[in-house]
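Peer 1: This structure is in structure tokens; I'll ask about it shortly.
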Amino acid sequence: MTPFRHGAPAVPDADTLGGHTTRQLLRLCEVVGLGDDDASVYARTLLRSLGPVAGRPLDLPPATPSFLSDDHTPVEFSLSFVPDAAPTLRVLLEPGCGAGTLAQNGRTGLEFLRDAARRWDFATDRLDELTDLFFPETPEGPLALWLALELRPGGVPQVKAYLNPAAGGDDRSAATMREALHRLGHRSAFDVLPEGDRHLFLALDLGDWEEPRAKVYLAHHDMSAPEAGLLCRMPGGPSPEDIEAVFRVAGGLDTGDGADGRLSRRPVQSCHAFTETSTALPSGFTLYVPVRDYAAHDGEALARATALLDRYGMDTGPLRGAVSALTRRRLEDGVGLIAYLSVAHQSGRPPRATVYLSSEAYQVRPPALASLGEPAAAH
Ligand code: TRP
């Protein structure tokens, strides 16, 4: 056990799930300039979220096959960039990851969230109104509850909850999403969404957000750049050309063959953020490209991430720092460290580019040599 820099609780050994991910978090905090006190508060939070699996040795298989990341590590980091400022570090967690069933996973997740709400003094009422929809007695689907924490200076994160619209059955996802939006006061929001192949998540901002959002995530299989260009429903949002450019840069369609190709190995996702209830229209739009399935290795994925940040005039230095904070392997020796690239637009704010970074606690996916034509393994 290594003591935290500030006494008391200890970080488990480096070859445990908690030890591995906490060390990554502490190094990432340094990269983005978070102070030691904040870093140790956030590291403790991460450990607490892992609960009983924090001390689980990494040579044992993951306690549950978490859908949060490809190798089932129940933790994913991301760096979110705006021009002229240090990036924000965020961490996505599955607090119920040690539970034996999805129902128990959800209950543990809710307990963790309520505990966090007391500690950090935020309200969960928006979520409380939806628990019957998202936490039925026998839930289905790939997750019960995920939390994303934006690690701000000051030791109090901003919190987002990710809910599973398929909890009541795959065939009920759309109806569940519609009902949830309705209860949140976004009465006709569902009808303005673009067509998608699947409703993936409903995310809620909890806590002291200036404008808390309800965000709907859609999956789009086999999509082309021009089709992606038409997904945005936000007034004053990015142009189809802007969206297409992000799609092409992240998907690697700028160069080489398949310049007009479709991304058919893993779906791109769109996210539609609703804030005001006075209009049915969303005030935010994000496109997510799962770059890991369209790059041969992480060196290529990093080049795409860098090109995207350059395009928006953002400093790429911290991204390189973050990559070194996460792994010592050569980037060419695997793919998936960089999981997604996204660009988010929110009315009245500058665009934000985000790079999603895997922990790879359990596994590094081998680079795709000549096999990019093959469909990716399902997760
Ligand atoms: N692992 C899941 C996926 O790849 C969920 C997920 C994790 C995700 N981080 C994400 C989805 C970031 C979109 C963006 O789909």
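Peer 1: Please report, to one decimal in angstroms, the Kirkwood hydrodynamic radius of the chain built from all distinct Cα-Cα pairs.
Peer 2: Value: 21.0 Å, from the Cα pair sum.
Peer 1: What longest range of the chain stays clear of loop-exposed trypsin sites (Lys or Arg not before Pro) (DSSP non-H/G/I/E/B, at most 14 other C-beta within 10 angstrom)?
Peer 2: Formally, the longest exposed-site-free interval is 6-186.
Peer 1: Something else now. Per residue, how many Å² of accessible area does the chain show with a 1.4 Å probe?
Peer 2: Values: 15560 Å² over 379 residues.
Here the residues of the chain average 41 Å² of exposed surface.
Peer 1: For region 46-148, state which GluC sites (Glu not before Pro) are in a DSSP loop and have at most 16 other beta carbons lying within 10 Å of their beta carbon. Present the calculation step by step, with values, prior to reporting the outcome.
Peer 2: Details: sites: GLU76, GLU111, GLU129, GLU137, GLU140; in loops: GLU129, GLU137, GLU140.
For GluC sites (Glu not before Pro) across region 46-148 that sit outside H, G, I, E and B with at most 16 neighbouring Cβ atoms in 10 Å, the list reads GLU129, GLU137, GLU140.
Peer 1: Could I ask something else about it? Using just the helices of the chain, give the 222 nm mean residue ellipticity in deg cm²/dmol: DSSP H runs with n ≥ 4 each add -39,500 (n - 2.57), and the total is spread over all residues, rounded to 500.
Peer 2: Using -39500 (n - 2.57) per qualifying helix, the result is -8500 deg cm²/dmol.
Peer 1: Whole angstrom only: what separates the Cα centroid of region 326-353 from the Cα centroid of region 248-321?
Peer 2: Taking the Cα centre of each part, region 326-353 and region 248-321 sit 8 Å apart.
Peer 1: Taking the Kirkwood radius as the inverse of the mean 1/r across Cα pairs, report the Rg/Rh of region 202-347.
Peer 2: 0.99
Peer 1: How large is ³J(HN,Hα), in whole Hz, for each residue of region 105-111 in order, when computed from phi with the Karplus curve 6.51 cos²θ - 1.76 cosθ + 1.60 and θ = phi - 60°, using x for Gly and Pro?
Peer 2: For region 105-111, the Karplus-derived couplings read 4, x, 5, 5, x, 5, 4 Hz, x marking Gly and Pro.
Peer 1: Once R0 is set to 41 Å, what does the formula 1/(1 + (r/R0)^6) return for the Cβ-Cβ distance between SER239 and ASP15, expressed as a FRET efficiency to the nearest 0.05?
Peer 2: So, using R0 = 41 Å, E works out to roughly 0.25.
Peer 1: Once you put a point 7 Å from the Cα of ARG330 and another 7 Å from the Cα of GLU276, both along the Cβ direction, what distance in nm separates them?
Peer 2: Those two pseudo-labels are separated by 5.5 nm.
Peer 1: What whole number of Å gives the distance from the Cα centroid of region 12-85 to the Cα centroid of region 173-221?
Peer 2: 28
Peer 1: Relative contact order, percent, of the chain when contacts are C-alpha pairs under 8 Å separated by at least 6 residues?
Peer 2: 16
Peer 1: Contour minus end-to-end for ASP59 and ASP132, with contour as 0.36 nm per residue of separation and end-to-end as the Cα-Cα distance? Can you show the working numbers first?
Peer 2: Details: separation 73, 0.36 × 73 = 26.28 nm, distance 3.76 nm.
In short, 22.5 nm is gained.
Peer 1: A further question on this structure: I'd like to compare 240-246, 162-168: which one has the highest average count of other Cβ atoms within 10 Å, and what's the full order after that?
Peer 2: 162-168, 240-246
Peer 1: Which far-off residues, 5 or more places away or on another chain, put their amide H under 5 Å from the one on ARG365, with H placed in the peptide plane?
Peer 2: VAL335
Peer 1: Got a number for carbon plus sulfur as a percent of region 17-358's accessible area, 1.4 Å probe?
Peer 2: Working: 6330 of 13110 Å².
Answer for region 17-358: carbon and sulfur cover 48 percent of the accessible area.
The values are calculated or read from the model by the stated rules, or taken from the named source; none is laboratory data. Quick caveat, the model's predicted, so the values are computed rather than measured. Positions of Cβ are generated from backbone atoms using ideal geometry, with glycine treated the same way; all protein chains shown enter the neighbour counts. Remember, those area values only see protein heavy atoms, side chains included, never the ligands or the DNA or RNA. Shrake-Rupley method; radii C 1.70, N 1.55, O 1.52, S 1.80 Å.
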